[in-house]
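These notes are about the structure you will find just below.
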Amino acid sequence: MVEAIGAFGRGLRGPSPYEMSGPFLQKRKKKVLDGFKVHEEAWKTSGCTLMTDAWTDKKGRGIMNLVVHSAQGVLFLDSVDCSTVKKNGKYIFDLVDKCIEDIGEKNVIQVVTDNASVNVAAASLLAAKRPKIFWNGCAAHCLDLMLEDIGKLEPVQETIVNARHVTAFVYAHTRLLDLMRKYLGKDLVRSGVTRFATAYLNLKSLQDNKKELKRLFRDNDLNEMGYLKSAKGKKAEKVVNSEGFWKNVDIAVNLFEPLAIVLRRMDSDVPAMGFLHGYLLEMGQKLKSPLHLAGYYLNPYYYYPNKTNIEKDGSFRAAVIDCVTTLIDDEDIQDNIIEDLNKYKEQQGSFGHDIATRRRRNKDFNPATWWLNHGTATPNLRLLAIKILSLTCSSSACERNWSSFESVHTKKRNRLLHDRMRDLVFVKFNSILRQKKENKGRDPLEKEINDVLEDDNNEFITGVEPNASLEDQEKHKMQQHLKPKPKE
């Protein structure tokens, strides 16, 4: 683009503010809407999940957004300014209900939100009006609460504090930070999507770079810099040289890691309904939602190796039957699916082909695609399985990227340009979601930022616990401002 501007030469006229906020914005919005068509087709064939989440910005303005997830990916539908209303169950239900009406009730299989009491109330209202739609709590939210509980255990909390002494000390000094990056070849600190995802990522980073950090703190150049003579430097050096600290890091990572592995799967935009219950069973946890149990039953990776126990436990078949009667009205099709379950159980027809058997042994495979390819002997059950296994278990796509709202929802735009503001959010958020889908190699636990130093809320850089009192935070800022700067 820059080359094209240069080739034009002098006299090039840039777009006016009217063109940018009017015709150009509407043209871009139309392009985004045109991209909805392929998603809408996916909603009709494999169903979709509707999710909603509320957010309050730094100035106290409340916003709720509505996002839809399907096998085709994630789309942002709308944002609603809820600053002046009471966000109770009835309000949330009305928003969700209108959105379901726009999408088409037959296309929506479930609504996923966090487990706040207002959402539970909204779920009850939806069940009364639309009993064919499930309402499930966000699995990622539940898992993050479990991570938080682990992080609050006294030994783990102490380990996090000691780790913070090391990382905050390193990142407080430019020359030391440069020396550390030479040793590691990368950044030590990582930023997670939540506080305790951040804690896990940084403890894991410390664990992986233990040898390099010990060598760093023995480096003659670091000693000559004089940083280790300060109180914080002595504390950081003591922590790094403590074998007790490193043993506690290993323990904390081992406690966090099983949940983090599950959270990575649930927090991504990949359909995960077929795997959640299986992952939780490996952790000694269980879920009772019909969709979660049915997803486990219909995932051949879990079903065939555990068929005897699964069939002995009637709750899984009961969950499938619950989904059949909820999602399908035609009684003949219902009866046909129940009969087809036995073909699935006995691996009859296409279920017993060598390639079907071989493909289901790979945990990284897509169970919905497996049914698409190998469920042809049972067309009605095949369609139901694809719908269930194409679902997400998390509302994370709705909860992330609130920073894009912060940049658009300015006070001036809220007062003067409400319609344009909503169009800006619509275009910007959908562009971000498309980029996330294209960047499949990203870690869903990590926050998407250009530079970790830009994350002002990362306690492993600031050295301040996010939940610290305002007084403590101000005290820390004052200390940072007043402390003498070492010569760089």
Can you tell me how many residues within the range 130-143 are outside any loop (DSSP other than H, G, I, E, B), open to solvent by 30 Å² or more (accessible area, probe 1.4 Å) and touching a helix residue (DSSP H, G or I) at 6+ places or on another chain (Cβ under 7 Å)? 1
What's the total number of residues in the range 430-477 that are part of a loop (DSSP other than H, G, I, E, B), open to solvent by 70 Å² or more (accessible area, probe 1.4 Å) and at pLDDT 75 or above? 5
Out of Gly73, Gly104, sole residue that is touching a residue at least 60 places away in the same chain (Cβ under 8 Å) and under 20 Å from Ala123 (Cα atoms): Gly104
All but one of (1) assigned to a helix (DSSP H, G or I); (2) open to solvent by 60 Å² or more (accessible area, probe 1.4 Å) hold for Gly244, so report the exception by its number. (2)
Conditions (1) open to solvent by 70 Å² or more (accessible area, probe 1.4 Å); (2) in contact with a Lys or Arg (Cβ under 9 Å, 6 or more places away or on another chain) -> Glu154 fails only (2)
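What strands (runs of 3 or more DSSP E), lying completely within the range 30-121, carry at least 3 residues that are closer than 19 Å to Leu327 by Cβ? Before the answer, list the steps.
Working: elements: 48-56, 62-70, 73-81, 108-113.
Hits in the range 30-121: 48-56, 62-70, 108-113.
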Out of the helices (runs of 4 or more DSSP H) lying entirely within the range 156-229, which hold 3 or more residues that are more than 20 Å from Trp246 (Cβ to Cβ)? 174-184, 195-208, 220-225
Of the residues in the range 273-289, how many are assigned to a helix (DSSP H, G or I) and open to solvent by 30 Å² or more (accessible area, probe 1.4 Å)? 2
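Which of the following residues is of a type outside the set (Phe, Trp, Tyr) and open to solvent by 20 Å² or more (accessible area, probe 1.4 Å): Asn209, Asn223, Asn202? Even if it seems obvious, please write down each step before you answer.
On the way: Asn209 fails: open to solvent by 20 Å² or more (accessible area, probe 1.4 Å); Asn202 fails: open to solvent by 20 Å² or more (accessible area, probe 1.4 Å).
Residue meeting the stated conditions: Asn223.
Taking the conditions exactly as written (open to solvent by less than 20 Å² (accessible area, probe 1.4 Å) and touching a His at 6+ places or on another chain (Cβ under 7 Å)), does Ala385 satisfy them or not? First the steps, then the outcome.
Numbers: open to solvent by less than 20 Å² (accessible area, probe 1.4 Å): yes; touching a His at 6+ places or on another chain (Cβ under 7 Å): no.
Here the answer is no, as Ala385 does not meet what is asked.
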So Val270 ticks every box in (1) open to solvent by less than 10 Å² (accessible area, probe 1.4 Å); (2) under 30 Å from Leu298 (Cα atoms); (3) hydrophobic (A, V, I, L, M, F, W, C) but one. Which box is left unticked? (1)
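The values are calculated or read from the model by the stated rules, or taken from the named source; none is laboratory data. Just so we're clear, the structure is a prediction, and the values are computed from it rather than from any experiment. Using ideal geometry, Cβ is built from the backbone for each residue, glycine included, and neighbour counts are taken over all protein chains shown. Side chains included, ligands, DNA and RNA excluded: accessible areas come from the protein's heavy atoms. Shrake-Rupley method; radii C 1.70, N 1.55, O 1.52, S 1.80 Å.
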